[in-house]
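Undergrad: Dumping the structure here so I can ask a few things about it.
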Amino acid sequence: MRDVAEHADVALGTVYRYFSCKDHLLAAALNQWARSLETQVSRRPLGGDTMAERLTDALRRGTRPFQRNPHMARLLIITGSSTDPFTSETYAELASGVGHVTRSALDGLDVAETTRILRVVNSVWCANLVAWVNDRTTIAGVYEALGEAAHLLLDHREQANDHPHAVRSTGS
């Protein structure tokens, strides 16, 4: 907090007036990243012909800033485990902003299905970011895992929609 105050050329008390603790400040910085992701997607819509491709594009765009600045990924992990109430509230805003982008890739699915898919994808995303910041995988491995998760969760849905009159096995 002291470093931030010095860099911003303000009194330490001023920083604490707006942010209750370091985690709160970090969550606010990550919120700025989420808002820029939303702006980027509104300017250049998600690419891909399928939901899996669009979701993969959203996840890649959300991961690139971490690739450019690995410390951001560490910040995300730290703030995600904070118990400070202000940090938790700010982190929820972050999740909402990123969720807005990833949900836009799943346009056409009902809310409950979208929620379930994003719960799994977010778990894969988080686990792989943790592995990456701890040097247990590469950034290419993160991207690969995200694409695999999106395709595993969505390809069969779209194939079923492409062939609505296909004979389905009844299991007997």
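Undergrad: Anything in the stretch 42-56 that is out of contact with any Ser or Thr (no Cβ under 7 Å at 6 or more places or on another chain) and either modelled with pLDDT under 85 or aliphatic (A, V, I, L, M) (or both)? List them, or say none.
TA: Listed by number, the residues that qualify are MET51, ALA52.
Undergrad: Also, quick follow-up: Across the stretch 1-38, which residue is nearest to the chain's Cα centre (by Cα) among those that are assigned to a helix (DSSP H, G or I) and of a type in the set (Phe, Trp, Tyr)? I'd like the intermediate steps shown before the answer.
TA: Initially, the stretch 1-38 is screened for residues assigned to a helix (DSSP H, G or I), giving 2-8, 12-18, 22-38.
Retained after the next criterion (residues that are of a type in the set (Phe, Trp, Tyr)): 16, 18, 33.
Working: TYR16: 28, TYR18: 25, TRP33: 11 Å.
Of everything passing the filter in the stretch 1-38, TRP33 is nearest to the chain's Cα centre (by Cα).
Undergrad: Among the residues of the stretch 121-145, write down those that are among the hydroxyl-bearing types (Ser, Thr, Tyr) and part of a helix (DSSP H, G or I).
TA: Within the stretch 121-145, SER123, TYR143 meet the criteria.
Undergrad: Can you report the number of residues in the stretch 36-57 which are touching a residue at least 60 places away in the same chain (Cβ under 8 Å) and among the hydroxyl-bearing types (Ser, Thr, Tyr)?
TA: Number satisfying all stated conditions: 2.
Undergrad: Is it true that THR87 is surrounded by 14 or more Cβ atoms within 10 Å (Cβ to Cβ), of a type in the set (Val, Ile, Thr) and under 13 Å from the mean Cα position of the chain (by Cα)?
TA: Details: surrounded by 14 or more Cβ atoms within 10 Å (Cβ to Cβ): yes; of a type in the set (Val, Ile, Thr): yes; under 13 Å from the mean Cα position of the chain (by Cα): no.
The answer is no for THR87.
Undergrad: Take the stretch 39-52 and flag every residue that is among the polar types (S, T, N, Q) and part of a helix (DSSP H, G or I). Break it down stepwise before answering.
TA: Within the stretch 39-52, the subset among the polar types (S, T, N, Q) is 39-40, 42, 50.
THR39, GLN40, SER42 - these are the residues of the stretch 39-52 that are among the polar types (S, T, N, Q) and part of a helix (DSSP H, G or I).
Undergrad: Just name the residue that is surrounded by the fewest Cβ atoms within 10 Å (Cβ to Cβ) out of those in the stretch 11-35 that are in contact (Cβ under 8 Å) with a residue 24 or more places away in the chain and of a type in the set (S, T, N, Q). Spell out how you get there, then give the answer.
TA: Of the stretch 11-35, the ones in contact (Cβ under 8 Å) with a residue 24 or more places away in the chain are 19-21, 23-31, 33-35.
Right, trim to of a type in the set (S, T, N, Q) and you get 20, 31.
On the way: SER20: 14, ASN31: 20.
Here the answer is SER20.
Undergrad: Looking at this structure, is THR87 in contact with a helix residue (DSSP H, G or I) (Cβ under 9 Å, 6 or more places away or on another chain), assigned to a helix (DSSP H, G or I), at pLDDT below 85 and at negative phi? Step through it out loud before you land on a result.
TA: Values: in contact with a helix residue (DSSP H, G or I) (Cβ under 9 Å, 6 or more places away or on another chain): yes; assigned to a helix (DSSP H, G or I): yes; at pLDDT below 85: yes; at negative phi: yes.
Yes.
Undergrad: Looking at the stretch 68-88, I want the residues that are over 15 Å from ASN134 (Cβ atoms) and have a partner that is aliphatic (A, V, I, L, M) with Cβ atoms under 6 Å, at least 6 apart or on another chain. Which pairs are those?
TA: Within 6 Å, the pairs are THR79/LEU26; THR79/ALA27; THR87/ALA27.
Undergrad: Right, something else. Report yes if some residue within the stretch 54-76 is over 14 Å from the mean Cα position of the chain (by Cα) and crowded, with 17+ Cβ neighbours inside 10 Å; otherwise report no.
TA: no
The values are calculated or read from the model by the stated rules, or taken from the named source; none is laboratory data. Just so it is clear, the model here is predicted, and its values are computed rather than measured. When we count neighbours, we look across all protein chains shown, and the Cβ atoms used for this are built from the backbone with ideal geometry, even at glycine.
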